[in-house]
Amino acid sequence: MAVGQTGVVGVVDWALRDRGTGRIVVAQWPSTALVVWMAASVVLALSGPDGASGLALGVVAMVALGWWAVDEVVRGVNPWRRLLGTVVFAGLVVSLLR
């Protein structure tokens, strides 16, 4: 936290501030993994989950989202991004265990 910042403002500043640039970062331009996940999800939603192609698209979407989540946990620019990656990865694990 910056000197003089306390309470909610200090916590939000700490959570959202990019450690490299010092800028506030909530979201960034989608990475390749997110673009692949979005594309596979849209095609899956439009074509339906039936058959081998539906299974393949589901696997591609899940792997791409997992790739993005792990990347955020490991290389996220601030605690918010790392937490977001952790939550998404945990959700994927829970969905696989069902």
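Computed values, structure above
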| read-out | value |
| --- | --- |
| Residue in the range 78-98 that is over 27 Å from Val12 (Cβ atoms) and outside any helix (DSSP H, G or I) present | yes |
| Answer from Ala90, Ala64, Ala27, Ala45 - the residue that is on the phi < 0 side of the Ramachandran plot, out of contact with any His (no Cβ under 8 Å at 6 or more places or on another chain) and either basic (Lys, Arg) or touching a residue at least 12 places away in the same chain (Cβ under 8 Å) (or both) | Ala64 |
| Answer from Trp14, Trp37, Trp67 - the residue that is surrounded by 14 or more Cβ atoms within 10 Å (Cβ to Cβ) and modelled with pLDDT under 95 | Trp14 |
| Test result for Val59, over 25 Å from Gly10 (Cα atoms) and either out of contact with any His (no Cβ under 9 Å at 6 or more places or on another chain) or loosely packed, with under 14 Cβ neighbours inside 10 Å (or both) | yes |
| Hits in the range 18-55 (condition: closer than 22 Å to Phe89 by Cα and either among the aromatic types (Phe, Trp, Tyr) or assigned to a strand (DSSP E or B) (or both)) | Trp29, Trp37 |
| Flag for Gly48 being loosely packed, with under 14 Cβ neighbours inside 10 Å and either in contact with a Gly (Cβ under 9 Å, 6 or more places away or on another chain) or of a type in the set (A, V, I, L, M, F, W, C) (or both) | yes |
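The values are calculated or read from the model by the stated rules, or taken from the named source; none is laboratory data. Everything numeric in this text was worked out from a predicted model, so none of it was measured. Note that each Cβ is placed from the backbone with ideal geometry, even for glycine, and that neighbours are counted across all protein chains shown.
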